[in-house]
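The structure appears below as structure tokens.
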Amino acid sequence: MRASPCTTSGAGRRCAPEPARRAAASVTNVPPDESVAIYDPTSSVPRVVGSAPRSRVRAENLPHAGTAVLLTDDDGRVYVHRRTATKDLYPSTWDAWAGGVVRAGEDPAEAAARELTEELGVHDVVLEPLFTWWFRDERLHELAFAFRARWSGPHVHGEVVHQASEVAEGRWLTVAELRELLDDPARPMIPDGRQGLLRYVELVGQPNGEVSA
């Protein structure tokens with residue numbers, strides 16, 4: 001059995017994915033109709049009940065799970081990005097979560113580490129669990145596993161490098177600027193990501209900047 005790349009300590013969950021170049025290569029090698037884990041939306045705890053091809057998940061709007069990683073720096077800024085116009089869901093919208101679907105048999109924390117490296121290029125960042133939330137509209141039915149990843153600079157965690165097929169542009173924002181983005185109709189935000197960010201900016205103001213799960 002393959003050893004998990006994730007370990008847990010008092011500092012949080014640390015996942016060490018392959019270097020960015022190998023992660024990018026793995027994207028190329030993923031079958032276009034990858035198998036996605038199906039989750040029970042009626043369960044009080046995350047529960048996998050099966051799997052389905054990605055195409056069926058999209059076509060039938062099946063309940064599945066996705067990862068959502070908020071990349072922050074040592075000053076508390078948040079990295080936001082604009083999705084490419086070729087995305088199958090909510091193209092050209094703004095987002096602050098790096099993530100994607102949880103594959104069949106995949107641990108959500110491992111999926112989060114993989115997606116963070118694939119989309120933004122950073123690596124060996126401790127993933128701090130934040131919270132989970134369900135989102136549903138006519139195109140998406142997803143349980144999001146949210147994490148915060150603290151980036152300490154390129155000398156520690158690598159440069160922020162966009163995955164060209166996923167990210168059109170990106171920038172660092174303070175929490176105040178993030179609130180402005182949430183209120184700006186000229187810069188529409190992906191709806192599920194918006195739901196999670198509203199919860200984050202509400203909770204980040206707690207003592208010591210702690211966010212409850």
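Table for the structure above
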{"read-out": "Within region 67-91, tally of residues that are out of contact with any strand residue (DSSP E or B) (no Cβ under 6 Å at 6 or more places or on another chain) and hydroxyl-bearing (S, T, Y)", "value": "2"}
{"read-out": "Residues being of a type in the set (K, R) and crowded, with 22+ Cβ neighbours inside 10 Å - total across region 91-106", "value": "0"}
{"read-out": "Residue pairs meeting the criteria (Cβ under 6 Å; at least 6 apart or on separate chains; first over 15 Å from F135 (Cα atoms) and surrounded by fewer than 16 Cβ atoms within 10 Å (Cβ to Cβ), in region 182-210; second at pLDDT 95 or above and among the polar types (S, T, N, Q))", "value": "P188/T93"}
{"read-out": "Those strands (runs of 3 or more DSSP E) lying entirely in region 1-119 with at least 1 residues closer than 23 Å to I190 by Cβ and at pLDDT 95 or above", "value": "35-39, 48-53, 64-73, 78-83"}
{"read-out": "Residues satisfying the stated conditions in region 141-185, i.e. more than 14 Å from the chain's Cα centre (by Cα) and part of a strand (DSSP E or B)", "value": "H141, W151, A168, E169, G170, R171, W172, L173"}
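The values are calculated or read from the model by the stated rules, or taken from the named source; none is laboratory data. The shown structure was predicted, so the numbers you read here are calculated from the model rather than taken from an experiment. Cβ coordinates were reconstructed from backbone atoms using ideal geometry, including for glycine residues, and neighbour counts include every protein chain displayed.
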